[in-house]
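Undergrad: Starting off with a structure, shown below.
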Amino acid sequence: MIQEPFAAGSSCIHGLDPRFRIVIAFLFSMVVALAGEFLVLEISFVVSVLLVCLAGLHLKKVLKQLLSILGFMLLIWLVLPFTYEGELLYRVGPLEITKPGVLLCARITIKSIAILLIFISLVSTMTISALGHALGRLHIPGKLVQLLLMTYRYIFVIEQEYQRLTTAMKIRGFRSGTNIHSYRTYAYLIGMLFVHASIRAQRVQNAMLCRGFKGRFYSLVEYRPSLRN
Amino acid sequence: MDKKSAFINLKGICFGYPGSQPDVIQDLNFTFFRGDRVGLIAPNGSGKTTLFHIIMGLIQPTSGIIEIDGEEIRKPKDFQAVRRKIGLLFQDADDQLFSPTVLEDVSFGPLNLGKSREEALQISRDILGFLGLHDFQDRITFTLSGGEKRLVALATVLAMEPKVLLLDEPTAGLDLDTKEKLIQILNRLDLSYIVISHEFDFITAVTNHIYTMENGKIILDEELHVHRHEHVHRSGKQPHKHV
């Protein structure tokens, strides 16, 4: 289930115009992604941490989100220092740890964490629906915005359908194992989800047609060029 | 407006789903007048929902004539005008509510009809108020309960300001309170409608004619039927009559 753990709040960051937050997050992550100097990276890291504090987010939850990139980081630290060519820093048996390798790893780590924190503090502090509308007002093509919003809306319905199907399987004694029966059942389950989703899409489209849909979405939100929302 | 002019007139409609015999709708004739409140009670699979979808132009019949508001509908494009006049409430409210918030969803129809933002908002707020859903404007549609979803879906249909409603099993899955609320709302509405339902009590509370479907046709079910059913009450052993 998709959750919006940071969307509710009353901090000064929650009060900023979503458009402004999206643009800042985008520019900031561009700068961080392209920067090579450690000084720039350190400053941006501090700024991102400050923003998270400003947003008044639950630190434990933020750390939990950071865990999601931990595996990726671990992989980089396990591979890059040993394979990157350059000045020798340390020797572990037959393996050589190089200085440029370690520096590259450190850069990648700081960059990823800073960008993630920036998005947690600025973008995940709005609801998906606010995000969609803000993107629309930033002149992102309407079809993409609607795709985001509709996906978000119907992910829940599809998830409920998935839950219903798995419950139906369980109450009839299904236990997954390493056998053809299990694989076939899972294949049926996934197939059924696709079939249901496509039939539902047809019904939703019918419902939209009944309400005069002619292929154009109109937005209720008016353009207000202000910093505060 | 002449209260007794035919609003929906169906002549010789036939339709079958591929791979299923016989056709679900066979040579169906039906006239619906302005001011009518009609119930349609019939077994599953007898073509009730199909009939609604044919009226709305979501399904094309293999043959037959459809006249809405005195005009024959020939091209699929003609149905755009029909959908302004007739509102369809779907069986599953989840199909109908696709916008993030309630207010956006209710305004979707009016905006499609070319209303300005202010007008659309005004209409939506009025409708929500009429249904007693003032506080629902900013609620997220998928977090609503089943009963709330149904009422909001009804609001989205009413916001189109239709002349006739088609209600496809509006009480399915509703609790007694919400059902009661729906009965009150329907009786307060100054609209004609056709209701599909399996619930006899509900249908008699909101309509004045009851039709049924048999062999792909619509039949008026007005006569009284003598019927027997087993029942329990005190002193039931004594000979007695129910009238």
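Undergrad: Please go through region B:36-57 and pick out each residue that is at pLDDT 90 or above and hydrophobic (A, V, I, L, M, F, W, C).
TA: The answer is B:Val38, B:Leu40, B:Ile41, B:Leu51, B:Phe52, B:Ile54, B:Ile55, B:Met56.
Undergrad: Return only the number of the condition from (1) at pLDDT 90 or above; (2) within 13 Å of chain A (Cβ to nearest Cβ) that B:Gly114 does not satisfy.
TA: Condition (1) is where B:Gly114 drops out.
Undergrad: Could you check region B:183-204 and list, in sequence order, the residues that are open to solvent by 40 Å² or more (accessible area, probe 1.4 Å) and of a type outside the set (Val, Ile, Thr)? So that I can check it myself, show each step before the final result.
TA: Of the residues in region B:183-204, the ones open to solvent by 40 Å² or more (accessible area, probe 1.4 Å) are B:184, B:187-188, B:190, B:198-201, B:204.
Within region B:183-204, B:Gln184, B:Asn187, B:Arg188, B:Asp190, B:His198, B:Glu199, B:Phe200, B:Asp201 meet the criteria.
Undergrad: Residue check: is A:Ser176 surrounded by 16 or more Cβ atoms within 10 Å (Cβ to Cβ) and hydroxyl-bearing (Ser, Thr, Tyr)? Break it down into steps so the answer makes sense when it comes.
TA: Values: surrounded by 16 or more Cβ atoms within 10 Å (Cβ to Cβ): no; hydroxyl-bearing (Ser, Thr, Tyr): yes.
Considered against the rule, which asks whether it is surrounded by 16 or more Cβ atoms within 10 Å (Cβ to Cβ) and hydroxyl-bearing (Ser, Thr, Tyr), A:Ser176 comes out as no.
Undergrad: Taking the condition under 18 Å from B:Asp92 (Cβ atoms) and in contact (Cβ under 8 Å) with a residue 24 or more places away in the chain, does B:Gly173 pass?
TA: Values: under 18 Å from B:Asp92 (Cβ atoms): yes; in contact (Cβ under 8 Å) with a residue 24 or more places away in the chain: yes.
So B:Gly173 fits the description; yes.
Undergrad: Going through A:Lys214, A:Lys170, A:Lys143 one at a time, which residue ends up being at the interface with chain B (Cβ under 10 Å from one of its Cβ atoms) and of a type in the set (Lys, Arg)? Working first, answer last.
TA: Numbers: A:Lys170 fails: at the interface with chain B (Cβ under 10 Å from one of its Cβ atoms); A:Lys143 fails: at the interface with chain B (Cβ under 10 Å from one of its Cβ atoms).
Just a single option satisfies the conditions, and that option is A:Lys214.
Undergrad: Take the conditions on the phi < 0 side of the Ramachandran plot, free of Cβ contacts under 8 Å to residues at least 24 places away in the same chain, in a helix (DSSP H, G or I) and surrounded by 21 or more Cβ atoms within 10 Å (Cβ to Cβ) and apply them to B:Leu121. Does it pass? It would help to see each step written out before you state the result.
TA: Working: on the phi < 0 side of the Ramachandran plot: yes; free of Cβ contacts under 8 Å to residues at least 24 places away in the same chain: yes; in a helix (DSSP H, G or I): yes; surrounded by 21 or more Cβ atoms within 10 Å (Cβ to Cβ): no.
For B:Leu121, the condition - on the phi < 0 side of the Ramachandran plot, free of Cβ contacts under 8 Å to residues at least 24 places away in the same chain, in a helix (DSSP H, G or I) and surrounded by 21 or more Cβ atoms within 10 Å (Cβ to Cβ) - is not met.
The values are calculated or read from the model by the stated rules, or taken from the named source; none is laboratory data. As the structure is a computational prediction, the values presented were derived from the model and not from experiment. Cβ atoms come from the backbone with ideal geometry, glycine included; neighbour counts cover every protein chain shown. For accessibility, only protein heavy atoms count, side chains too; no ligands or nucleic acids. Shrake-Rupley method; radii C 1.70, N 1.55, O 1.52, S 1.80 Å.
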